[in-house]
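Any read-out appearing in this document is the output of simple, stated calculations on the displayed coordinates, not a laboratory observation. Source: prediction; values computed, not measured. Heads up, the Cβs are rebuilt from the backbone with ideal geometry, glycines too, and the neighbour counts pull from every protein chain shown.
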Amino acid sequence: MIYPIVKFGNPVLEKKAEMVTVFDDELRKLIDDMFESMYAARGVGLAAPQIGISRRIAVIDVTFKEDPKAKFALINPEIIHTEGRFKQSEGCLSIPDFRENVTRPRAVSVRAQDEHGKIFELTGEELLARALQHETDHLNGKLYISHISALKRDLIKRKIRKLVKAGEW
Ligand code: NI
């Protein structure tokens, strides 16, 4: 099932998501649906709040179907180590048609649970590191625009308000 993507302005995006404690078929179905929804939206990462579900689940595939080993479901992820700085253009499916340069650590390690509840650690650099941070932020109710200057953020918010008024958001 393909879920519609929730857009900026919906409070679910700015709320801390709930821990997952039950690892059952319903969760695994939701993860499959999240991958399907992410690919349908041409994204490389998706967090459950972005489909209106406030639970700590994220899916990532920075290779967009190229490499099956690069497909990760992260349940209750936590960033446990960061290194360096790296600036790159970043966007979000919930803030479509906007992009901004965001400086983040260049490499990160994450501890998470898989779809069966098994704990694992994952280290990523550059694009994967960025996706791991971006999606973990989502689960804490934080959007990438919180990492840019207030001036740039207000400009984006103003443009979005205009789009909302025009019925185009
Ligand atoms: Ni996002």
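Which GluC sites (Glu not before Pro) from region 108-169 combine a DSSP loop assignment with at most 10 other Cβ atoms within 10 Å? Please list the in-between numbers first.
Numbers: sites: GLU115, GLU121, GLU125, GLU126, GLU135, GLU168; in loops: GLU115, GLU168.
Within region 108-169, the qualifying GluC sites (Glu not before Pro) (loop, at most 10 other Cβ atoms within 10 Å) are GLU168.
Rounding to the nearest 10 and keeping the result within 0 to 90°, find how far the Cα-based axis of helix 126-139 lies from the longest principal axis of the chain.
Tilt relative to the chain: about 80 degrees.
Quick one: go through region 94-115 and flag any residue whose amide nitrogen is under 20 Å from the point 7 Å out along the Cα-to-Cβ line of PHE64.
Only 94-102 fall inside the zone, counting backbone N under 20 Å.
Ranking ILE95, ILE57 by Cβ neighbours within 10 Å, fewest first, what do you get? All intermediate terms of the calculation are to be shown ahead of the outcome.
Values: ILE95 21, ILE57 28.
The fewest-first ordering by Cβ neighbours comes to ILE95, ILE57.
What distance in nm separates the two pseudo spin-label positions at GLU125 and ASP24, each 7 Å out from Cα along the beta-carbon direction?
Result: 4.3 nm between the two label points.
Setting aside same-chain residues fewer than 8 positions from LYS157, which lysines have a Cα under 16 Å from its Cα?
LYS7, LYS142, LYS165
Give the angle, between 0 and 90 degrees and rounded to the nearest 10, that separates the Cα long axis of helix 25-40 from the longest principal axis of the Cα atoms of the chain.
With rounding to tens, the tilt is 40 degrees.
Strictly greater than 19 Å: what percent of every Cα pair in the chain meets that? Walk me through the numbers on the way to the answer.
Working: 7768 of 14196 pairs.
Tail of P(r) above 19 Å: 55 percent of Cα pairs.
How far is it, in nm, from the label point at VAL12 to the one at GLU36 when both lie 7 Å from their Cα along the line to the Cβ?
1.7
Considering Cα pairs under 8 angstrom that are at least six residues apart, work out the relative contact order of the chain and quote it in whole percent.
Values: 311 pairs, mean separation 39.1, N = 169.
RCO, the chain: 23 percent.
Hey, what do the phi angles of region 74-90 turn into as Karplus ³J(HN,Hα) couplings, whole Hz, using 6.51/-1.76/1.60 and θ = phi - 60°, x for Gly and Pro?
Listing the rounded values in order: 10, 10, 6, x, 9, 7, 10, 7, 9, 8, x, 9, 7, 10, 7, 5, 9 Hz.
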